[in-house]
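Peer 1: The structure that follows is given in the form of structure tokens.
Read-outs throughout are calculated quantities, based only on the coordinates presented, and are distinct from any laboratory measurement. Here the structure is a predicted model, which means the values were calculated and not measured. Backbone-built Cβ (ideal geometry, glycine too); neighbour counts: all protein chains shown.
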Amino acid sequence: MRIREYHAPRWNESIIHELTSPGERGFIPPRAEEKIKEKVGSASDLIPSSMRRSKAPDLPELSQAQVLRHYLRLSQMTLGMEMEIDLGIGTCTMKYSPKINEELAGLIGDIHPLQPEETIQGLLEMVYEFGDTYLKEISGMDAFSFQPPGGSAGCYNNALMMRKYHADRGEPERDEIITTIFSHPCDAAVPATAGYKVLTLYPDEMTGLPDTDALKEVVGPRTAGCFITNPEDIGIFNLNIDEWTGIIHDVGGLCSYDQANANAIMGVTRAKEAGFDMLFFNLHKTFGSPHGSSGPGSAAVGVTKELEEYLPSPVIVKMEDGRYSVDYDRPKSIGKVRDFMGNLQVVVRSYAWCMAMGAEGLREAAEVSMINNQYLVKKLKKIKGITLTYPGRRVDQARWSLEQLKKDTGIGIAEVNRRVIDYGIQSFFTSHHPWLIPEPFTPEPCETYSKADIDYWCAVVEKVIEEAYTDPELVRTAPHNSSNHRIAFDGFNDPKKWAMSWRAYRRKQVE
């Protein structure tokens, strides 16, 4: 297969404030007519004195053409998923997000979150129906909230509900959460942040599956519940998950399902039948809203009927007369976890995506994701230096190891990650910490990618592995065709070099 000759542009672009030209304008608003000024008065009089600036803000002064040129140059130096085959970012589900849904999401931009609910009935209906129709059916849960702005926030939401549930039952001594090492790290970190003691179970060394006997040994009267991902980050689905939830329930605990990435199992298996009491979906992964650049995200939190009263406030309800209302009267709610009702523009995108896909389309997307991964596994197994740690079929992704390549050539995942950029391929996600699998990488070929895409991606991987064996110095000194050769990471850990704003940047320059 012919591999593209890729070379990223390098503009050496300045910070936009450094491009300023005093007096330059991108837009000059017209002056108010005299009749309007006489009727309304001075605009400054309408602004409370406490909100008025004493001096003009230090904004860059550029023309529209200069601004457009600046950001186009920056975009050309960015190797984003819209430009390449981004199936190497496992656990993230980097699928194509239909651009028409951006238009739909923009339609709610002029709505104020505090305007009367009778004026936003369409939006309330959309949000309610998305949870009540699609997500309930996909999960088996009884109620949903869209307040949390991301996966870890959704996980934290569930930890708070679990804590309040046990407190209301007079069991505050339940202070232990059980998770597994190959579940997403937030399943351990978030309960710890909420005040729980976290017990992390390791997998069976032969199968990679969570150890059921180890679970039986640690449950008890202090068990509040479990937070678990399935399939886990290594791509193995625990077929005994209902036994796990049963063990937790037998000692009075609750089970929280991390379904941030449910792409390969939606429409195939449900949280309810697996015995879970609560879950969260990442709409910006599985459900077609863009994933990247730290947002905007949305975690759809679902619960059983028993836990519905603990959902964050407010929730959208459907009245007997068919109207939709925002319900704040929820005395047992954990309160708010996000301003207003959450990032509803993400909900709009995901609603539109699900409506376009339909029930059959959602299941087909899951099936294609699984088929793609089986094909990728077959291809990668043939490449020298790459190994798959545990046996058994993977579902949505797999965690591979370059340990053998490292032993043979001294080239590991860090060097390979830099070299693939030279062929126009995004660097791979390695692994969450700790690295139980040495020199790891975790691709996830979701339904977006064709057989040709997977073939090309594997051809690049095979090419770089071949280079590692024949010309390791070429790989070691990569990237050679990127907009940046190497990024010095030392400054990331030096507070003296941190500058989160233009004001801070200028101050650091003076210092």
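Peer 1: Quick one: net charge around A499, please, counting Lys, Arg +1 and Asp, Glu -1 for every other residue with C-beta under 12 Å from its C-beta. Can you show the working numbers first?
Peer 2: Details: positive: K496, K497, R503, R506, R507, K508; negative: D494, E511.
Every neighbour counted, the sum reads +4.
Peer 1: What does DSSP give for the chain in terms of the percent of beta bridges that are antiparallel, rounded to the nearest 5?
Peer 2: Details: 17 of 34 bridges.
The antiparallel fraction comes to roughly 50 percent.
Peer 1: Can you give me the three principal axis dimensions of segment 103-356 from its C-alpha atoms, in Å, biggest first?
Peer 2: 55, 38, 31 Å, listed from the longest principal axis down.
Peer 1: So what is the relative contact order for segment 279-416, in percent, with contacts set as C-alpha pairs under 8 Å and at least six apart? Present the calculation step by step, with values, prior to reporting the outcome.
Peer 2: Working: 139 pairs, mean separation 22.7, N = 138.
Relative contact order here is 16 percent.
Peer 1: Sticking with this one: Segment 128-205 to segment 209-285: how many Å between their Cα centroids?
Peer 2: Their Cα centres are 10 Å away from one another.
Peer 1: In addition: Would you kindly work out the equivalent ellipsoid of segment 1-140 from its C-alpha gyration tensor and give its semi-axes, the square roots of five times the eigenvalues, largest first in whole Å?
Peer 2: Details: eigenvalues 310, 222, 34 Å².
Listed largest to smallest, the semi-axes of segment 1-140 are 39, 33, 13 Å.
Peer 1: Same structure, new question: Taking the DSSP beta bridges in segment 103-356 as the whole, what percent of them are antiparallel, to the nearest 5?
Peer 2: 45
Peer 1: Determine, at each q value in 0.22, 0.26 (inverse angstroms), the log₁₀ of I(q)/I(0) that the Debye formula gives when each Cα of segment 290-377 is one equal point scatterer.
Peer 2: -1.20, -1.27
Peer 1: A65 to N12: FRET efficiency via 1/(1 + (r/R0)^6), r the Cβ-Cβ distance, R0 25 Å, to the nearest 0.05? Write out the running numbers ahead of the final one.
Peer 2: Values: r = 19 Å, r/R0 = 0.78.
The formula returns an efficiency of 0.80 here.
Peer 1: Fully extended, how many nm does the chain gain between Q509 and D471 (0.36 nm per residue separation, minus their Cα-Cα distance)?
Peer 2: On the way: separation 38, 0.36 × 38 = 13.68 nm, distance 4.17 nm.
This chain segment gains 9.5 nm when fully extended.
Peer 1: Okay, next question. Give me the Kirkwood hydrodynamic radius of segment 357-511, using the inverse of the mean 1/r over all pairs of distinct Cα atoms, in Å to one decimal. Walk me through the intermediate numbers first.
Peer 2: On the way: mean 1/r = 0.0563 Å⁻¹.
This gives a value of 17.8 Å.
Peer 1: Using modelled amide H (1.01 Å from N, peptide plane; none on Pro or chain starts), what sits under 5 Å from the amide H of Y324, excluding residues fewer than 5 places away?
Peer 2: Under 5 Å from the amide H of Y324: M319.
Peer 1: Can you give the FRET efficiency for N481 and E367, using 1/(1 + (r/R0)^6), R0 = 25 Å, r = Cβ-Cβ distance, to the nearest 0.05?
Peer 2: According to the calculation, E is roughly 0.10.
Peer 1: Need one number: nm distance between label points at Y202 and Q76, each 7 Å from Cα along Cα→Cβ, rounded to one decimal.
Peer 2: Computed distance between label sites Y202 and Q76 equals 5.2 nm.
Peer 1: Here is a further query. Indicate the helices, whole DSSP H runs only, in the chain that combine a mean Kyte-Doolittle hydropathy of -1.0 or more with a Cα extent along their long axis of 30 angstrom or more. Please report the intermediate quantities before stating the final value.
Peer 2: Working: long enough: 344-380 (39 Å, 0.29).
Correct list, ordered by number: 344-380.
Peer 1: While we're here: Rounded to the nearest 500, what is the 222 nm mean residue ellipticity of the chain from helices alone, with -39500 (n - 2.57) per DSSP H run of 4+ residues and division by all residues?
Peer 2: Values: 16 runs with 173 residues, N = 511.
Taking each H run of at least 4 residues, the total per residue is -10000 deg cm²/dmol.
Peer 1: Gap in Å between the Cα centre of segment 370-439 and the Cα centre of segment 446-511?
Peer 2: Comparing the Cα centres of segment 446-511 and segment 370-439, I get a distance of 17 Å.
Peer 1: At a threshold of 8 angstrom on Cα-Cα distance, excluding pairs fewer than six apart, so keeping six or more, what relative contact order does segment 366-490 reach in percent? Mind dumping the intermediate values first?
Peer 2: On the way: 179 pairs, mean separation 37.9, N = 125.
Over segment 366-490, the number comes to 30 percent.
Peer 1: To one decimal place, what Kirkwood hydrodynamic radius in Å is obtained for segment 448-496 from all pairs of distinct Cα atoms? All intermediate terms of the calculation are to be shown ahead of the outcome.
Peer 2: Details: mean 1/r = 0.0740 Å⁻¹.
Roughly 13.5 Å, rounded to one decimal.
Peer 1: Additional query: Mind sorting R53, R419, R363, R486 by how few other Cβ atoms lie within 10 Å of their own Cβ, fewest first? Numbers along the way, then the final one.
Peer 2: Numbers: R53 7, R419 27, R363 16, R486 10.
The most exposed by this proxy come first: R53, R486, R363, R419.
Peer 1: If contacts are Cα pairs under 8 angstrom and at least 6 residues apart, what is the relative contact order of the chain in percent?
Peer 2: Details: 878 pairs, mean separation 99.2, N = 511.
Reported as a whole number, the value is 19 percent.
Peer 1: Once the convex hull of the alpha carbons of segment 16-84 is built, what does its volume come to per residue, in cubic angstrom? Kindly include the intermediate steps, with their values, before the conclusion.
Peer 2: On the way: hull volume 12.0 nm³, N = 69.
In segment 16-84, the Cα convex hull volume per residue is 173 Å³.
Peer 1: Pull up the DSSP beta bridges for segment 174-295 and report the antiparallel fraction as a percent, rounded to 5.
Peer 2: Values: 1 of 18 bridges.
Percent antiparallel among DSSP bridges in segment 174-295 is about 5.
Peer 1: Oh, and also: How much length is gained if the chain between S501 and K407 is pulled fully straight, taking 0.36 nm per residue apart and subtracting their Cα-Cα distance, in nm to one decimal? Before the final figure, lay out each step's value.
Peer 2: Values: separation 94, 0.36 × 94 = 33.84 nm, distance 4.39 nm.
29.4 nm is the gain from fully extending S501 to K407.
Peer 1: Now for a different question. Set the Förster distance to 60 Å, then compute FRET efficiency between D327 and E5 from the Cβ-Cβ distance, nearest 0.05.
Peer 2: On the way: r = 59 Å, r/R0 = 0.98.
Given R0 = 60 Å and the Cβ-Cβ separation, E is 0.55.
Peer 1: Right, something else. Give me the one-decimal nm value for the distance between modelled label points at I36 and E129, 7 Å along each residue's Cα-to-Cβ direction.
Peer 2: Each label point is offset 7 Å from its Cα along the Cβ direction, giving 3.9 nm.
Peer 1: Running Debye on segment 203-242 with equal point scatterers at the Cα sites and no solvent, what base-10 log of I(q)/I(0) appears at q = 0.18, 0.29 Å⁻¹?
Peer 2: Relative scattering, expressed as log10 I(q)/I(0), comes to -0.56, -1.14.
Peer 1: Just name one of I47, V67, L19: the one whose Cα is farthest towards the positive end of the charge dipole of segment 7-71 (beta-carbon charges, Lys/Arg +1, Asp/Glu -1).
Peer 2: I47
Peer 1: Which value in Å does the Kirkwood hydrodynamic radius of the chain take, with 1/r averaged over all unlike C-alpha pairs and then inverted? Could the numbers behind the result be given before it?
Peer 2: Numbers: mean 1/r = 0.0389 Å⁻¹.
The Cα-based Kirkwood calculation yields 25.7 Å.
Peer 1: What ranking, highest mean first, results for peptides 302-315, 11-24 when packing means the other Cβ atoms within 10 Å averaged over each residue?
Peer 2: Working: 302-315: 20.4, 11-24: 11.9.
The most tightly packed comes first, giving 302-315, 11-24.
Peer 1: I've got another one for you. May I ask you to sort Y328, Y449 by Cβ crowding, counting other Cβ atoms within 10 Å and putting the fewest first? Intermediate values should be presented prior to the final figure.
Peer 2: Numbers: Y328 10, Y449 24.
With the fewest neighbours first, Y328, Y449 line up as Y328, Y449.
Peer 1: Too long at a 28 Å Cα-Cα cut-off: which of K136/K378; K99/K497; K378/K463? Before the final figure, lay out each step's value.
Peer 2: Details: K136/K378 35 Å; K99/K497 38 Å; K378/K463 17 Å.
Exceeds cut-off: K136/K378; K99/K497.
Peer 1: Gain in length, E117 to E217, computed as 0.36 nm per residue apart minus the alpha-carbon separation, to one decimal in nm?
Peer 2: 30.9 nm
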